[in-house]
Amino acid sequence: MTRLSVNVNKIAWLRNARAGSQPDVVACCRIIIEAGAQGITVHPRPDQRHITPNDVARIKTFLQAHPDIEFNIEGNPQAGSRKNGYPGFTALIEAHVPAQCTLVPDSDTQLTSDHGWNLTDRATFATASNYVERYKDIGVRTSLFLDPDPAQVELARQVGADRIELYTGPWVEATEKYGLDSDQADSILSSYQTAAKGAIELGLGVNAGHDLNQRNVGKFCAIADIKEVSIGHALISEALTEGLPTTIFKYLAALRTS
């Protein structure tokens, strides 16, 4: 069964709106885990718009009592330290040694992740290779955020990544425009299936994330052996009306049927 890792960025974003301590990110992580989720994901951005370095440290400390729960830190490995106290992505990885880090090619000003790595660029390939080796040397599983392009998948293997995370935004957009079971959406989904199966044949694990929700996650995860989905915005939005435990239960039920 595909594992569910809950991205808690939006919980921190809501807290930061009042510059206070509520909602408490760690308290929410406890609820999420008790409801059955198998992982916690954070994407600490340099501007600290939501998850902060202190959140990363607190979550890591909390999860030490839950060794079966995976901690996944996402971000751009090229993001260095900032004057606002952000220590740099690599510094966070080396200080807290998560189970997995997902490398995402986002910029400081980007609203949300919206594309995968272009590993055909020699400089990008070399940079990604260096960071993957560095993180793997300290025992962190590495995953590269990718579009469903078989050529990029092959290059991810050459880089040395352990996994890829398929950026699912374009397929979700098609399902919302044309319908979940439309020919248009299914045509796009087939490209994800090709990329996922190709990755598995190359020995890579396959994760997925971005805009997945209760309605579509089961169908997506049925395309191949998807190891993990990382879901944040939709899940937290749904939890506002359904509550965190109920929402987690529904996602796990959807994943069981995939």
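The values are calculated or read from the model by the stated rules, or taken from the named source; none is laboratory data. Please read these numbers as outputs of a predicted model, since none were measured by experiment. Backbone-built Cβ (ideal geometry, glycine too); neighbour counts: all protein chains shown. Accessible surface areas use protein heavy atoms only, side chains included; no ligands, DNA or RNA. Shrake-Rupley method; radii C 1.70, N 1.55, O 1.52, S 1.80 Å.
Remarks
- Counting only lysines at least 8 places from residue 250 when in the same chain, those with an alpha carbon closer than 21 Å to its own are 10, 219, 227.
- Annotation: amide H-H contacts under 5 Å for residue 50 (H modelled 1.01 Å from N, sequence separation of 5 or more, or interchain): 45.
- Residue with peak Gaussian network fluctuation, the chain [Cα springs, cutoff 10 Å], from 144, 240, 63: 240
- Charge tally around residue 230: other residues with Cβ under 12 Å, Lys/Arg +1 each, Asp/Glu -1 each, net -2.
- Put 182, 190 in order of accessible area, highest first, and with a 1.4 Å probe you get 190, 182.
- Phi-based couplings in Hz for the stretch 17-33 (Karplus 6.51, -1.76, 1.60; Gly and Pro marked x): 4, 10, 6, x, 10, 10, x, 7, 4, 5, 4, 5, 4, 4, 4, 4, 5
- Computed from phi, the 3J(HN,Hα) profile of the stretch 154-170 under the Karplus parametrisation 6.51, -1.76, 1.60 (θ = phi - 60°) reads 4, 5, 4, 5, 5, 5, x, 5, 7, 9, 10, 10, 6, 6, 8, x, x Hz, with x in place of Gly and Pro.
- Among [x] 13.1; [y] 14.7; [z] 12.2, the entry that matches mean projected area of the Cα convex hull in nm² as calculated here: [x]
- Solvent-accessible area, 1.4 Å probe, carbon plus sulfur percent, for the chain: 50
- Whole-number accessible area per residue in Å² for the stretch 1-107, which is evaluated in the context of all protein chains at 1.4 Å: 40
- Summed over the residues of the stretch 153-258 and divided among them, the accessible surface reaches 42 Å² per residue at a probe radius of 1.4 Å.
- The Cβ shell under 13 Å around residue 94 holds other residues with a net charge of +2, Lys and Arg each +1, Asp and Glu each -1.
- Excluding exposed DSSP-loop trypsin sites (Lys or Arg not before Pro) (at most 10 other C-beta within 10 Å), longest clean stretch of the chain: 84-258
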